[in-house]
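Data first, discussion second: the structure below is written as structure tokens.
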Amino acid sequence: NHTVTTSFFAPGIAMINQMYYWRVTANLGGTLSEWSEVRTITITGAPGNAAPVAVSPANGATTSDQTPTFVWTTVPTAVRYRIQLSPLEGFGVWIVNQTVPAPTTDPTAEWTPGVNFNYGTYWWRVQAEGGGDSSWFTVKRSITITSP
């Protein structure tokens, strides 16, 4: 359920392979129009690897730890994960863009930076890689590092 001021909408999250239903209404000066007819869209052909799910830190978390540990669920077909951190929500600039080997048995994988991050807000996401294919990224999350 989103309100937009344009005639198009992109969800901004990875959509898994399934059928989705959608409809629209217009807000004309506070008066809603009738709903459009319900339509469907089926997402298929996503990368072979399922996307991992971000576990921690939680979206919007605040910490004074300048080397927070990032945790996500594993994907059975992944041989490594790509973690990206950016000071920009749109990931136009990365401060981290590196791969992490997949653990062999754990249900989660993690990465801890080897150097301190500066204070500020960062956005992070993870992608599974393996078998010549890459998954979608996890839903992006933010973390703010504050002075102790």
Checklist entry - Could you give every pair whose Cβ atoms fall below 6 Å, whose first residue belongs to region 116-130 and is in contact (Cβ under 8 Å) with a residue 60 or more places away in the chain, and whose second residue is among the small types (Gly, Ala, Ser) and part of a strand (DSSP E or B), counting only separations of at least 6 or pairs across chains? => result GLN127/SER134; GLN127/SER135; ALA128/SER135
Checklist entry - Taking the stated definitions as given, is VAL93 in a loop (DSSP other than H, G, I, E, B), modelled with pLDDT under 95 and closer than 29 Å to PRO148 by Cα? => result yes
Checklist entry - THR73 fails exactly one of the following numbered conditions: (1) touching a Lys or Arg at 6+ places or on another chain (Cβ under 9 Å); (2) within 30 Å of TRP22 (Cβ to Cβ); (3) at pLDDT below 95. What is the number of that condition? => result (1)
Checklist entry - What residue, among those in region 90-146 that are closer than 21 Å to ALA61 by Cβ and either touching a helix residue (DSSP H, G or I) at 6+ places or on another chain (Cβ under 9 Å) or among the charged types (D, E, K, R) (or both), is surrounded by the most Cβ atoms within 10 Å (Cβ to Cβ)? => result ARG125
Checklist entry - Would you call ASP106 at pLDDT 95 or above and either of a type in the set (A, V, I, L, M, F, W, C) or out of contact with any Pro (no Cβ under 8 Å at 6 or more places or on another chain) (or both)? => result no
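Matching residues to (1) in a strand (DSSP E or B); (2) β-branched (Val, Ile, Thr); (3) closer than 24 Å to PRO11 by Cβ; (4) touching a Leu at 6+ places or on another chain (Cβ under 6 Å):
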position: ARG82; (1), (2), (3), (4): yes, no, yes, no
position: GLU89; (1), (2), (3), (4): no, no, yes, no
position: PRO103; (1), (2), (3), (4): no, no, no, no
position: PRO113; (1), (2), (3), (4): no, no, no, no
position: VAL139; (1), (2), (3), (4): no, yes, yes, no
Checklist outcome for this item: Taking region 1-22 and the residues there that are surrounded by 10 or more Cβ atoms within 10 Å (Cβ to Cβ) and either at pLDDT 75 or above or of a type in the set (Asp, Glu) (or both), the one that is farthest from the chain's Cα centre (by Cα) would be TRP22
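Conditions tested, residue by residue: (1) in contact with a strand residue (DSSP E or B) (Cβ under 8 Å, 6 or more places away or on another chain); (2) open to solvent by 80 Å² or more (accessible area, probe 1.4 Å); (3) farther than 30 Å from ASN118 by Cα.
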{"residue": "GLY29", "(1), (2), (3)": "no, yes, yes"}
{"residue": "ARG39", "(1), (2), (3)": "yes, yes, yes"}
{"residue": "VAL53", "(1), (2), (3)": "yes, yes, no"}
{"residue": "THR62", "(1), (2), (3)": "yes, yes, no"}
{"residue": "PRO68", "(1), (2), (3)": "yes, no, no"}
{"residue": "ARG82", "(1), (2), (3)": "yes, no, no"}
{"residue": "SER86", "(1), (2), (3)": "yes, no, no"}
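The values are calculated or read from the model by the stated rules, or taken from the named source; none is laboratory data. Quantities reported herein were computed from a predicted structural model and do not represent experimental measurements. Methodologically, a virtual Cβ is constructed for each residue, glycine included, from the backbone with ideal geometry; neighbour enumeration extends over all protein chains shown. Heavy atoms of the whole protein, side chains included, go into the accessibility calculation; ligands, DNA and RNA do not. Shrake-Rupley method; radii C 1.70, N 1.55, O 1.52, S 1.80 Å.
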